[in-house]
Every structure is written in structure tokens, then in C-alpha cells.
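K.L.:
Structure incoming, see below.
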Amino acid sequence: VGLYDVFMRINDTTEIIYGRVKVVAKAAQDNVTQVQIDLYDNLTLDSITWSGGTRTFSRLSNVVTVDLDHTYNTGEEFEVTLYYHGHPIEGGFQAFAFDTRASGKVMTSLSEPYFARTWWPCKDRMDDKADSFNIAVQVDSAFYVGSNGTLDSTILSTNTRTYYWRV
């Protein structure tokens, strides 16, 4: 995988994440017609698209298999965009949590080295990591967002803040 372009809207009241993740990747071998993406099955996958329209997919447990638009050979680039929503897995060594600290709501994430798939679609394997990320997170205006990388911008509206990070 080369790039993840991630956008999440996090609702602190319903504890639901609404997300869009664009995956830009290169085929590692010839005759690639599908790509597998890790995503816990407690999250609803609404649709998968690419620049030419909707992609078909199947889902078995925590793995989504996406049918690509044609056959790709070694080094050829392709992209798919996944739209999803749901309440992420919490508890134990979870990757996302809704909690309270000092009488205030907080939301935290931890995905090292695994479990990113419990809150966003990705290749959750050590041998297939991206080399760059765009991360945008929209939250209620009472919250602030921290992330890895460099903060590019923050967009304020009446009720929300959207933070744009680049890694």
C-alpha cells in the first residue's frame, strides 16, 4: 500500500465513527484482480468506489475482498475508496476508546502494531504498510485532535472542528 487518505467524523454522543478511506496501492505481482482489506465485521461497510464507479466486494469475518476494475500487473497503481460506519471494538488492548477523564469526554486510539482494523479499513499487517497518510478527523467543536505527522490545517465551523494531518 502506498497511501491512505482517511476522513473520519466521530460522534461523541452516539459513539459512532463515520469514515471514508481511500487506499492507493501498487500491485506486488502480476494478474491482480482483487485486493483484501482488513476491517472488523462489527463495522458496517456502506460502499466501495473507485474513480469509475462502485466496486463489488465480499466479506468473510474481518476481511473484505474488493474486485478491482481490471487486472493489474507488478508495479501498476490502483485505488479504492471504502465508506463505513459503526462503533469500534473497545476493551482489553483495543485500538479505539470512548472514555471520561477529569469529568470530560475523551476519545483515544492505539493501533500498534495491530488492531487499526477495529476502527478503520486498512492492511493491518506488518509486511504491507503504507508509506504515507492523509488523516482528517471531524469532531464536535468542544474537542481537539492530536495525531502522528504534521498538522496541515484546522477548519472551524459552527459546531465542528476538522483537523487535517499529513504523515
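K.L.:
Could you point to the label whose value was computed as Kirkwood radius over Cα pairs in Å for the structure here, given [x] 16.7; [y] 16.2; [z] 19.3?
P.N.:
[x]
K.L.:
Here's something else I'd like to know. Suppose the chain between T74 and S51 were pulled fully straight at 0.36 nm per residue; how much longer would it get relative to their current alpha carbon spacing?
P.N.:
Values: separation 23, 0.36 × 23 = 8.28 nm, distance 2.06 nm.
The span from T74 to S51 would gain 6.2 nm if fully extended.
K.L.:
Another question, if that's okay. I'd like the accessible area for H85, computed on protein heavy atoms only with a 1.4 Å probe and all protein chains in place. Round to 10 Å², please.
P.N.:
My reading of the accessible area for H85 is about 50 Å².
K.L.:
Let me ask something else. Tally the DSSP beta bridges in region 1-136 and give the antiparallel ones as a percent, rounded to 5. Could the numbers behind the result be given before it?
P.N.:
Values: 43 of 48 bridges.
Bridges in region 1-136 that DSSP calls antiparallel: roughly 90 percent.
K.L.:
Let me ask you something else. Between I16 and T158, what length in nm is gained on full extension when 0.36 nm per residue of separation is reduced by their alpha carbon distance? The partial results should precede the final answer.
P.N.:
Numbers: separation 142, 0.36 × 142 = 51.12 nm, distance 2.04 nm.
Value of the extension gain: 49.1 nm.
K.L.:
Where the only charges are on Cβ atoms (+1 Lys, Arg; -1 Asp, Glu), what is the dipole of the chain about its Cα centre, to the nearest 20 debye? The partial results should precede the final answer.
P.N.:
Values: 14 positive and 21 negative charges, 77 e Å.
Its charge dipole is roughly 380 debye.
K.L.:
What figure, in Å² to the nearest 10, do you get for the accessible area of K129 with a 1.4 Å probe and non-protein molecules left out?
P.N.:
About 90 Å², rounded to the nearest 10.
K.L.:
Please give the direction-averaged projected area of the C-alpha convex hull for region 76-157, in square nanometres with one decimal.
P.N.:
Numbers: hull surface 30.1 nm².
Projected over every direction and averaged, the Cα hull of region 76-157 covers 7.5 nm².
The values are calculated or read from the model by the stated rules, or taken from the named source; none is laboratory data. On a predicted model such as this, the values are computed, not experimentally measured, just so you know. Note that each Cβ is placed from the backbone with ideal geometry, even for glycine, and that neighbours are counted across all protein chains shown. The accessibility values were calculated without ligands, DNA or RNA, using every heavy atom of the protein model including side chains. Shrake-Rupley method; radii C 1.70, N 1.55, O 1.52, S 1.80 Å.
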